[in-house]
Amino acid sequence: MIISRVFAIAVAGASLAGCSTFSMDSFKPTPPPIQVQLESVPPGADATTSVGPGCKTPCSVAVAAPDAGFTVTFAMPRFQPVTVPVQVIRDPGDFTTPASVTVDPNPVVAELKPAGPPPRKMRPKKKPKPAAAAPAAASPFPSPAAPATQPAR
């Protein structure tokens, strides 16, 4: 009789321990991916999202909505890269409307600016040659190196 009580307590304890790890999150459906339109001026840039997918503009990608925002980086040869932040907006819904997830901005548009020409290599400047000393011309002023003569009195 005591053994059956110990066995019953052990089974009840094990079943209660299993309930502590049970979560309702496992029953929530995964949110559907969001379509994000990507465009660039000029078209043909490689657009890459920080959450994974990318494409060549103009295009559309499906992204799994992260809890926070994400970024889209546009790159094209001979143009400066541009990164655009994107916000994820969640509407929990209520009894009459379903929950929804949107992104802002959509479409994500970037204007790429041409990259400047590559920097030119600077050559060192040549030092000018010193000018040849010109012969001293007779000057009405005495040379500071010449001894001063005192007029006789």
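Bear in mind these aren't lab numbers, they're just calculated from the coordinates by the rules spelled out. Predicted model only: the values in this text are computed from it and were never measured. Every residue, glycine as well, gets a Cβ built from its backbone with ideal geometry; the counts of neighbours run over all protein chains shown.
May I ask you to sort LEU38, LEU112 by Cβ crowding, counting other Cβ atoms within 10 Å and putting the fewest first?
If I rank by nearby Cβ atoms, fewest first, I get LEU112, LEU38.
Explain nothing, just compute: Karplus ³J(HN,Hα) = 6.51 cos²θ - 1.76 cosθ + 1.60, θ = phi - 60°, for every residue of region 77-94 in order, whole Hz, x for Gly and Pro.
Whole-Hz 3J(HN,Hα) from phi for region 77-94: x, 6, 10, 6, x, 10, 10, 10, x, 10, 9, 9, 10, 10, 10, x, x, 8.
Within 12 Å, Cβ to Cβ, of VAL41, how many net charges do the neighbouring residues add up to if Lys/Arg are +1 and Asp/Glu are -1?
That sum, taken over residues with Cβ under 12 Å, equals -1.
In percent, how large is the relative contact order of region 29-111, given Cα pairs closer than 8 Å and 6 or more residues apart?
Here the relative contact order equals 31 percent.
Please work out whether region 29-111 counts as rounded, prolate or oblate from its C-alpha gyration tensor, where a ≥ b ≥ c are the square roots of the eigenvalues and a/c under 1.5 means rounded, while otherwise a/b larger than b/c means prolate and anything else oblate?
Prolate, because a/c is 1.5 or more and a/b exceeds b/c.
Restricting attention to region 47-124, which chymotrypsin sites (Phe, Trp or Tyr not before Pro) occupy a DSSP loop and are surrounded by at most 11 other Cβ atoms within 10 Å?
PHE95
I need ASP91, ASP67 ordered by Cβ neighbour count within 10 Å, fewest first.
Ordered from fewest to most neighbouring Cβ atoms within 10 Å, ASP91, ASP67 come out as ASP67, ASP91.
Only counting other Cβ atoms within 10 Å, I'd like GLU39, GLU111 sorted with the fewest neighbours first.
GLU111, GLU39
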